[in-house]
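Right, one structure below, let's go through it.
The values are calculated or read from the model by the stated rules, or taken from the named source; none is laboratory data. Note that the coordinates shown come from a computational prediction; the quantities given were computed from them, not determined experimentally. Quick reminder, even Gly has a Cβ in these numbers, built from the backbone with ideal geometry, and neighbours come from all protein chains shown. Surface areas here come from the heavy atoms of the whole protein model, side chains and all, with no ligands, DNA or RNA. Shrake-Rupley method; radii C 1.70, N 1.55, O 1.52, S 1.80 Å.
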Amino acid sequence: MQTTHKHFKLFKPYGYLSQFITNQAKAKKKKMLGDLYAFPENTMAAGRLDEASEGLLILTTDGKTSAAITGRKTEKEYYAQVDGILTQEAVKALQNGVNISLQDGNYTTLPCKARILHKTPDLPARAKKIRDERHGPTSWVSITLTEGKYRQVRKMTAAVGFPTLRLVRIRIGEISAENMQAGEVKEITKKLNKSLL
């Protein structure tokens with residue numbers, strides 16, 4: 001008997017963990033994905049966003065789909081609001097790959113797509129306000145990766161001198177978070193195959 005798997009897309013709000021349960025005592029009071037929607041049993045998040053990051057998460061009851069999403073072939077696009085006015089030199093460095101530190105040593109990121117966003121993207125309001133303009137100007141960059149090291153985008157923008165203030169994943173493969181509100185869940189009715197990812 002073949003199981004019919006279910007897939008969902010979620011706009012993860014700021015302040016939520018990308019998981020359903022935790023065994024860490026200090027994280028027991030944290031907000032979890034299950035607080036947002038009554039997902040079916042055995043639903044898992046395909047990849048993660050850290051607690052302070054927002055945006056698109058795909059949730060699925062299918063382990064193979066989860067592995068495909070987290071694999072190196074699937075593009076993930078992020079919008080990062082950074083401290084300061086981003087330069088073309090910094091964007092070029094991001095595109096070529098930068099050196100970041102990971103738990104097991106230094107790592108040079110793979111070449112990626114990066115471009116300055118010349119106007120503020122239309123995103124849901126964030127639960128916690130970003131610092132205001134009195135602390136200096138900010139700018140936005142789009143970064144598209146096919147890898148996903150721990151806190152990678154934040155480490156990349158910091159490496160070129162522009163720390164990330166807000167990070168939103170807006171696309172995974174061809175699946176987009178466009179027009180979604182924070183905390184909104186939509187069931188994906190299209191068959192999730194390699195062409196979508």
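Can you spot a residue in the range 24-34 that is in a loop (DSSP other than H, G, I, E, B), touching a residue at least 40 places away in the same chain (Cβ under 8 Å) and open to solvent by 20 Å² or more (accessible area, probe 1.4 Å)?
Of all residues in the range 24-34, those in a loop (DSSP other than H, G, I, E, B) come to 24, 28-30, 32.
After this cut, where a residue has to be touching a residue at least 40 places away in the same chain (Cβ under 8 Å) as well, the list is none.
Within the range 24-34, none of the residues are in a loop (DSSP other than H, G, I, E, B), touching a residue at least 40 places away in the same chain (Cβ under 8 Å) and open to solvent by 20 Å² or more (accessible area, probe 1.4 Å).
Starting from residues that are surrounded by fewer than 22 Cβ atoms within 10 Å (Cβ to Cβ) and not acidic (Asp, Glu), keep the ones in the range 38-48 and report whichever is nearest to Gly161 (Cα to Cα). Show your work before the answer.
Going residue by residue through the range 38-48, those that are surrounded by fewer than 22 Cβ atoms within 10 Å (Cβ to Cβ) are 38-44, 47-48.
Among the residues that remain, those that are also not acidic (Asp, Glu) are: 38-40, 42-44, 47-48.
Details: Ala38: 41, Phe39: 40, Pro40: 43, Asn42: 41, Thr43: 38, Met44: 35, Gly47: 27, Arg48: 25 Å.
Filtering the range 38-48 for residues that are surrounded by fewer than 22 Cβ atoms within 10 Å (Cβ to Cβ) and not acidic (Asp, Glu), the one nearest to Gly161 (Cα to Cα) comes out as Arg48.
Please go through the range 163-181 and give me each residue that is out of contact with any Asp or Glu (no Cβ under 7 Å at 6 or more places or on another chain), open to solvent by 30 Å² or more (accessible area, probe 1.4 Å) and part of a loop (DSSP other than H, G, I, E, B), ordered by number.
Of everything in the range 163-181, those that are out of contact with any Asp or Glu (no Cβ under 7 Å at 6 or more places or on another chain), open to solvent by 30 Å² or more (accessible area, probe 1.4 Å) and part of a loop (DSSP other than H, G, I, E, B) turn out to be Glu174, Glu178, Asn179, Gln181.
Can you give me the number of residues within the range 94-111 that are over 13 Å from Thr157 (Cα atoms) and in a loop (DSSP other than H, G, I, E, B)?
Residues meeting the conditions: 4.
Look through the range 107-136, keep the residues that are over 17 Å from Lys92 (Cβ atoms) and touching a Leu at 6+ places or on another chain (Cβ under 9 Å), and return whichever of them is surrounded by the most Cβ atoms within 10 Å (Cβ to Cβ).
Per the stated criteria, the residue is Ile130.
Residue by residue, here is whether (1) touching a strand residue (DSSP E or B) at 6+ places or on another chain (Cβ under 8 Å); (2) in a loop (DSSP other than H, G, I, E, B); (3) among the basic types (Lys, Arg) holds:
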site	(1), (2), (3)
Val82	yes, no, no
Leu86	yes, yes, no
Ile116	yes, no, no
Lys128	no, yes, yes
Arg131	yes, yes, yes
Gly161	no, yes, no
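Please indicate, with yes or no, whether at least one residue in the range 137-156 is crowded, with 17+ Cβ neighbours inside 10 Å, of a type in the set (S, T, N, Q), outside any strand (DSSP E or B) and within 12 Å of the chain's Cα centre (by Cα).
yes
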